[in-house]
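The values are calculated or read from the model by the stated rules, or taken from the named source; none is laboratory data. All figures in this text were calculated on a predicted structure; none of them were measured in a lab. Please note: Cβ atoms are built from the backbone with ideal geometry, for glycine as well, and neighbour counts cover all protein chains shown. With ligands, DNA and RNA removed, areas are computed over all heavy atoms of the protein, side chains included. Shrake-Rupley method; radii C 1.70, N 1.55, O 1.52, S 1.80 Å.
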Amino acid sequence: KRQLFPDEYKDVPEDVLQQAQDRGHRIHSLCEFVDEFNTEETTEELVLDYIELKKCFGLVPIESEYVVSDNEHFASPIDKVFITRNDTFILGDIKTTYALNEEYVRWQLSIYAYFFELQNPDAKVEKLIVIWLKSGKSTIKELARIPVDIVKELLKAEIEGEQFKNNY
């Protein structure tokens, strides 16, 4: 965020950001619950949307909040890991934002994919998806992965305290 999207929410009042963050956390927790306990028992509209989207896209969740890292400088949890075959996966991020910044999520998931494959050398990330849960507009979008060399350049700039020059 600091390198590529430093002003993402600069014009949004702090109390509005906090309310949105609390709501997003609640939705994430409920989606994790339905996956963990293999249930569809919920009255939350956005979680019902999540359940329906999983069915429509044939997504099989195996992990929620799966922490990935370079084992030195960075660590972060991936919202959703879905399995497609024994060693092939789809990484997903749930967003409940008013507007969807696909480029932000694309960078986020590309970094996660790099870390995921570092930690799981026999695994292959097949797809990156954003699961946008928005009343009346919930959808899943596939995002193009940013090449690993570019991701490494971004991470190197952050480690060295330099500003990343995004020529991608």
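Scanning the stretch 5-63 for residues that are closer than 18 Å to Ile90 by Cα, in a helix (DSSP H, G or I) and out of contact with any Cys (no Cβ under 8 Å at 6 or more places or on another chain) yields His28, Cys31, Glu32, Asp35, Glu36, Ile51, Glu52, Leu53, Lys54, Lys55, Cys56, Phe57. Every residue in the stretch 82-100 that is in contact with a Phe, Trp or Tyr (Cβ under 7 Å, 6 or more places away or on another chain) and within 11 Å of Trp132 (Cβ to Cβ), please. Within the stretch 82-100, Gly92, Lys95, Leu100 meet the criteria. Restricting Ser69, Ser64 to residues that are buried (at least 16 other Cβ atoms within 10 Å of the Cβ), in contact (Cβ under 8 Å) with a residue 24 or more places away in the chain and within 30 Å of Lys152 (Cβ to Cβ) narrows the list to Ser64.
Checked against the criterion of being in contact (Cβ under 8 Å) with a residue 40 or more places away in the chain, more than 25 Å from Phe115 (Cβ to Cβ) and open to solvent by less than 50 Å² (accessible area, probe 1.4 Å), the stretch 31-44 contains not a single residue that satisfies it. Taking (1) farther than 30 Å from Ala157 by Cα; (2) within 17 Å of the chain's Cα centre (by Cα); (3) of a type in the set (Ser, Thr, Tyr) in turn, Thr42 satisfies each apart from (2).
Identify all residues within the stretch 123-146 that are assigned to a loop (DSSP other than H, G, I, E, B) and either surrounded by 13 or more Cβ atoms within 10 Å (Cβ to Cβ) or not hydroxyl-bearing (Ser, Thr, Tyr) (or both); write none if there are none.
Listed by number, the residues that qualify are Ala123, Leu133, Lys134, Gly136, Lys137, Ser138, Ala144, Arg145, Ile146.
Scanning the stretch 72-85 for residues that are among the basic types (Lys, Arg) and surrounded by fewer than 16 Cβ atoms within 10 Å (Cβ to Cβ) yields one hit, Arg85. Within the stretch 86-114, take every residue that is touching an Asp or Glu at 6+ places or on another chain (Cβ under 6 Å) and more than 23 Å from Tyr168 (Cβ to Cβ) and give me the one that is surrounded by the most Cβ atoms within 10 Å (Cβ to Cβ). Going through the qualifying residues, I end up with Ile94.
All conditions in (1) under 20 Å from Lys137 (Cβ atoms); (2) among the β-branched types (Val, Ile, Thr); (3) in contact with a Phe, Trp or Tyr (Cβ under 9 Å, 6 or more places away or on another chain) hold for Val68, with the sole exception of (1). For the stretch 1-30, residues that are under 19 Å from the mean Cα position of the chain (by Cα) and either loosely packed, with under 11 Cβ neighbours inside 10 Å or of a type outside the set (Phe, Trp, Tyr) (or both) total 18.
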